[in-house]
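Notes to accompany the following structure.
The values are calculated or read from the model by the stated rules, or taken from the named source; none is laboratory data. Treat the numbers as computed from the prediction; the structure is a model and nothing was measured. Cβ sites come from the backbone with ideal geometry, for glycine too, and all protein chains shown count toward neighbours. Each accessible area value is taken on the protein alone, full model and side chains, heavy atoms only, with ligands, DNA and RNA left out. Shrake-Rupley method; radii C 1.70, N 1.55, O 1.52, S 1.80 Å.
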Amino acid sequence: MQKKLLYIFGLTVLVGFMSFTLQEDRWKAPEGAKALKNPISSADKAESAKRGAKIFKTRCMICHGTAGKGDGIGGKALTPKPQNLTSSMVQAQVDGELFWKVTNGRNDMIKWGPILTEDQRWDVVNYVRTLK
Ligand code: HEC
């Protein structure tokens, strides 16, 4: 009887811990990032995304995969894995949040702020939008 109780207790703690770490793992941009305005007008979005596609090929594809599904060879051994950029979890975020994440990075996701210009980062965000 006591053994059984102990087992149930142990299991509860384990499940609680797992859901806690899973939650911890979700990467949330700070609230202020939502206010970052995409400076590219809708008329220029297609051209911007085209420039972004070129940047994606040379800078992002190695980890995020040819179609952005998070399955690039460079990401195979990483924890956490490169995100699937076509997923609704990523696409549900506003442009400012994606821009903020690209700019600041986390874990193995590179901090692109010092590497790509602001315009280039918006171009790549506009390209990521075409992946949904
Ligand atoms: C060295 C591998 C690597 C490269 C190169 C890379 N990424 Fe990532 N990226 C990651 C990893 C790993 C994560 C997940 C980080 C985490 O959750 O802590 C990530 C996460 C992201 C996210 C956040 C998804 C979310 O909402 O959680 C975006 C957006 C993103 N990458 C875009 C890009 C873009 C755009 C480029 C190219 C300019 C790029 N990445 C290049 C590894 C990479």
Once neighbouring chains are kept in place and the probe is 1.4 Å, which whole percent of the accessible area of the chain is contributed by carbon and sulfur? 63 percent
Could you tell me what % of all Cα pairs in the chain have separations over 20 Å? 51 percent
State, to one decimal in nm, how far the label point of T79 lies from the label point of D108, with both points 7 Å from Cα in the Cβ direction. 1.1 nm
Taking H as built 1.01 Å from N, whose amide H comes closer than 5 Å to the amide H of G72, not counting residues under 5 places away? H64, G65
What are the trypsin sites (Lys or Arg not before Pro) within segment 36-121 that DSSP puts in a loop, where the Cβ has at most 16 other Cβ atoms within 10 Å? K37, K69, K76, K111
Additional length obtainable on full extension of the chain from M89 to K69, 0.36 nm per residue less Cα span: 6.0 nm
Note, ³J(HN,Hα) from phi for segment 74-82, Karplus 6.51, -1.76, 1.60, rounded to Hz, x at Gly and Pro: x, x, 3, 9, 8, 10, x, 6, x
Mean Kyte-Doolittle of at least -0.5 and a Cα length of 24 Å or more along the axis: which whole DSSP H helices of the chain meet both? 2-25
The size of the Cβ-based charge dipole (Lys, Arg +1; Asp, Glu -1) of the chain about the Cα centre, to the nearest 20 debye, is 340 debye
Using alpha-carbon positions, the gyration tensor of segment 30-102 gives root eigenvalues a ≥ b ≥ c; with a/c under 1.5 called rounded, otherwise prolate if a/b exceeds b/c, else oblate, the class is oblate
